[in-house]
Every structure is written in C-alpha cells, then in structure tokens.
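What follows is a single structure, written as structure tokens, with notes after it.
The values are calculated or read from the model by the stated rules, or taken from the named source; none is laboratory data. On a predicted model such as this, the values are computed, not experimentally measured, just so you know. Using ideal geometry, Cβ is built from the backbone for each residue, glycine included, and neighbour counts are taken over all protein chains shown. Keep in mind that these areas ignore ligands, DNA and RNA; they rest on the heavy atoms of the full protein, side chains included. Shrake-Rupley method; radii C 1.70, N 1.55, O 1.52, S 1.80 Å.
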Amino acid sequence: MIAFDLAPKFSLGQIVITPNAMQHVGHDDIIGALRRHCRGDWGEMDAHDQNENELSVKAGFRILSAYRASNGTKFWIITEADRSATTILLPEDY
C-alpha cells in the first residue's frame, strides 16, 4: 500500500493571478497546480530549487513552483514568506 500526504504543507493566504496568466492558463490547470504547490509538489523545478523550497517551508521563506498548463504555457506560483499571499503568474510577468 502506498500512502500519500494530501495535507497542505503551508497556507496559501490570499490567492491572486496576473491578467496575463488568467488569459493563458486554464482554470483546471490553475486549481491542479495550486493543490500540488501547497502539498510540496514543486512541478518543473530542479533538485536544487526543490531543496530550497523544502527549506523555505520550514524556515518561512518565499516558495516558488513552476508548472506547465495543458496548452504548454509555463507558469509560476509564488507564495510570500509571510504566507499572506500566493500569486499565479507567467515568467514574463515577474
């Protein structure tokens, strides 16, 4: 039997999205990525950045994940260090 931890690792705070991301990333992709992000599935991050995110969860730093929408659009999810807000954006929105 395989056990999965479905509990969030941290609070997302207020969730906001840039107009550009809203236009190019579908609702289902956003919801799925938010679920992955708060559970510690960092998407398309390399091993170094995944380790940084794990440290950030424990130490209260900023967390960044990268995903690809079903249409191929790459997007990021960033949760602020104080966990007050999470932003969904395209890399060029940064």
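Label separation (Gln50 vs Tyr94): 1.9 nm, computed from points 7 Å beyond Cα along the C-beta direction. Ranked by solvent-accessible area (1.4 Å probe, protein heavy atoms only, all chains present), the residues Leu12, Leu55 order from largest to smallest as Leu55, Leu12.
In this structure the chain gives 61 Å² per residue of accessible area when probed at 1.4 Å with all protein chains present.
Checking (1) -0.40; (2) -0.50; (3) -0.77 against log10 I(q)/I(0) by the Debye sum over Cα atoms at q = 0.13 Å⁻¹ calculated from these atoms, the matching label is (1). Sparse packing (at most 14 other Cβ atoms within 10 Å of the Cβ) combined with a DSSP loop state is found for the following GluC sites (Glu not before Pro) in the stretch 1-56: Glu44.
A probe of 1.4 angstrom, applied to the heavy atoms of all protein chains, finds Asp29 with accessible area near 40 square angstrom. Note on the chain: with a GNM built from Cα contacts shorter than 10 Å, the maximum mean-square fluctuation among His27, His48, His37 falls on His48.
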